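**Student:** Please find one structure pasted underneath; my questions will follow.
The values are calculated or read from the model by the stated rules, or taken from the named source; none is laboratory data. Model, not experiment: these values are computed from the prediction. When we count neighbours, we look across all protein chains shown, and the Cβ atoms used for this are built from the backbone with ideal geometry, even at glycine. Heads up: the accessible areas ignore ligands, DNA and RNA and are worked out on the full protein's heavy atoms, side chains in. Shrake-Rupley method; radii C 1.70, N 1.55, O 1.52, S 1.80 Å.
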Amino acid sequence: MRKVMWRYWTASFLVICVLNKLLLISEGSSSDHVSSSSSSVSAVIMFGDSIVDTGNNNNNILSPARSNFPPYGRDFIGSKPTGRYSNGKVPSDLFAEGLGVKELLPPYADPNLTPKDLLTGVCFAVGGVGYDAYTSKLADVPALSDQLEKFKEYIEKLKGIAGEEKTKMILNNSIVFVVLSSNDIANTYFNSISIRRWQYDASSYTDLLVNYATDFIKELYGLGTRRIGVIGAPPIGCVPSQRTMGGGLERNCYDEENQVAIMFNSKLSSSLDYLTKHYVNHDARLAYIDIYYPLLHVIQNPTQYGFKISKKGCCGTGLIEAATTCNSLDKTCVDANDYVFWDAYHPTEKAYKIIVKDIIKSLYEVHNF
């Protein structure tokens, strides 16, 4: 009888051990999946324009490219306008949050930045900027080169906080995003008072932009960054303001702008492929990230994504208002979640969330970040 009982308890104990081990393996594989896509990212560092600016242009009163006033930030934390060009969070925040780094990506211009803020990344983007320095001049904002100079300053601050070796590790393990070209295409090349249209045909101008982009990426790589995601041009001709300006009475997409965006994206993608094969080390990741077709699909099929309106913005008439022309004098829609666009140029937080979620997924599944 004792032998039978001993065998029973021994068998039961072994079964329990096996089940516990299987449970630990299952839990371990689940946590490993989370860590591979989040905790391995030390910081998020953002360069670009108003799509990702989180408040760097707030004090530039000479520039019309500002958004630190109502109704911007209507659905942000505390309903506070912070210089983000949307009703709530913008891609900078959503990337930082989605990659498991922090909830919000602060602007580098914030005078209240803490050492922790710096260690986990900041945003250098400024509304109105383009790859082309002339684009920035038209918007009365510093050229893209200024973001690079501020990044160098930031690296020195990191060294002061964490030391040389840890700074190198942070840069190696950070993910850097570059989000530019919309202003170059819409506000410079298709601007009737711009000289660029007379200096370059579309092919030559997109060559110029890609050359500027390539040089910028080389600079970032030279400063120690090893994972760089470069987001291409959106279907800029389909944003509300461009429909109004070039889409005729029916406000169709401004096809000429879209064709230039497609041309630029193709050349940018090829340039990044070349850099990957011939310029950077094997440990680096340079990714061209397509935004054109995912956003176009949302615009063309709004109800599939829970939207009702994609041809107008939530602010004012929704036809032309953006930045300083979308202000407290303008009425806004009741529910921004019904709209793909917040103003006539920038998407809503809800639209950004859809696009950013897909980008983060592609970083790991397609680009091996």
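**Student:** Take ASP255 and decide whether it is closer than 20 Å to TYR189 by Cβ and acidic (Asp, Glu).
**Tutor:** Yes, satisfied.
**Student:** Specify the residue that is nearest to the chain's Cα centre (by Cα); the eligible residues are those in segment 311-369 that are in a strand (DSSP E or B) and touching a residue at least 40 places away in the same chain (Cβ under 8 Å).
**Tutor:** If we take residues in segment 311-369 being in a strand (DSSP E or B) and touching a residue at least 40 places away in the same chain (Cβ under 8 Å), then PRO347 is nearest to the chain's Cα centre (by Cα).
**Student:** Turning to a different aspect of this structure: Among SER86, SER63, which is the only one that is touching a residue at least 60 places away in the same chain (Cβ under 8 Å), more than 30 Å from ILE195 (Cβ to Cβ), open to solvent by less than 50 Å² (accessible area, probe 1.4 Å) and assigned to a loop (DSSP other than H, G, I, E, B)?
**Tutor:** Among SER86, SER63, only SER86 is touching a residue at least 60 places away in the same chain (Cβ under 8 Å), more than 30 Å from ILE195 (Cβ to Cβ), open to solvent by less than 50 Å² (accessible area, probe 1.4 Å) and assigned to a loop (DSSP other than H, G, I, E, B).
**Student:** Then there is this: Could you check, for segment 95-116, whether at least one of its residues is out of contact with any strand residue (DSSP E or B) (no Cβ under 6 Å at 6 or more places or on another chain), farther than 26 Å from ALA162 by Cβ and in a loop (DSSP other than H, G, I, E, B)?
**Tutor:** Looking through segment 95-116, none of the residues is out of contact with any strand residue (DSSP E or B) (no Cβ under 6 Å at 6 or more places or on another chain), farther than 26 Å from ALA162 by Cβ and in a loop (DSSP other than H, G, I, E, B).
**Student:** To continue, here is another question. Name every residue in segment 350-369 that is of a type in the set (Val, Ile, Thr) and surrounded by 14 or more Cβ atoms within 10 Å (Cβ to Cβ), in order of residue number.
**Tutor:** Selection gives ILE354, ILE355, VAL356, ILE359, ILE360.
**Student:** What is the one condition in (1) assigned to a helix (DSSP H, G or I); (2) open to solvent by 10 Å² or more (accessible area, probe 1.4 Å) that LEU272 does not satisfy?
**Tutor:** Condition not satisfied by LEU272: (2).
**Student:** Here's a follow-up. Out of all the residues in segment 254-262, is one or more open to solvent by 10 Å² or more (accessible area, probe 1.4 Å) and assigned to a loop (DSSP other than H, G, I, E, B)?
**Tutor:** yes
**Student:** Specify which of the listed residues (ILE236, ILE289) is within 20 Å of the chain's Cα centre (by Cα), of a type in the set (A, V, I, L, M, F, W, C), within 20 Å of SER67 (Cβ to Cβ) and open to solvent by less than 10 Å² (accessible area, probe 1.4 Å).
**Tutor:** On inspection, the qualifying residue turns out to be ILE236.
**Student:** Within segment 92-118, which residues are touching a residue at least 60 places away in the same chain (Cβ under 8 Å) and open to solvent by 10 Å² or more (accessible area, probe 1.4 Å)?
**Tutor:** LEU94, GLY98, GLY100, VAL101
**Student:** Please verify whether LYS150 is in a helix (DSSP H, G or I), out of contact with any strand residue (DSSP E or B) (no Cβ under 9 Å at 6 or more places or on another chain), basic (Lys, Arg) and closer than 24 Å to GLY88 by Cα, treating the condition exactly as stated.
**Tutor:** It is false that LYS150 is in a helix (DSSP H, G or I), out of contact with any strand residue (DSSP E or B) (no Cβ under 9 Å at 6 or more places or on another chain), basic (Lys, Arg) and closer than 24 Å to GLY88 by Cα.
**Student:** Can you find even one residue in segment 337-349 that is at pLDDT 95 or above, surrounded by fewer than 15 Cβ atoms within 10 Å (Cβ to Cβ) and not hydrophobic (A, V, I, L, M, F, W, C)?
**Tutor:** no
**Student:** Say we look at segment 193-226 and pick out the residues that are open to solvent by less than 20 Å² (accessible area, probe 1.4 Å) and outside any helix (DSSP H, G or I); which of these is farthest from CYS253 (Cα to Cα)?
**Tutor:** That would be GLY224.
**Student:** Shifting gears a bit: Within segment 164-190, track down each residue that is assigned to a helix (DSSP H, G or I) and open to solvent by 20 Å² or more (accessible area, probe 1.4 Å).
**Tutor:** Hits for segment 164-190 are GLU164, GLU165, LYS166, LYS168, MET169, ASN172, ASN173, ASN187.
**Student:** Take LYS308 and decide whether it is in contact (Cβ under 8 Å) with a residue 24 or more places away in the chain and among the basic types (Lys, Arg).
**Tutor:** Judged against the criteria, LYS308 is a match.
**Student:** While we're here: Which of (1) within 20 Å of the chain's Cα centre (by Cα); (2) open to solvent by less than 70 Å² (accessible area, probe 1.4 Å) is the odd one out, the single condition PRO302 does not satisfy?
**Tutor:** Failed condition: (1).
**Student:** Which members of segment 119-141 meet the condition of being open to solvent by 30 Å² or more (accessible area, probe 1.4 Å), among the charged types (D, E, K, R) and touching a residue at least 40 places away in the same chain (Cβ under 8 Å)?
**Tutor:** Passing the criteria: only ASP140.
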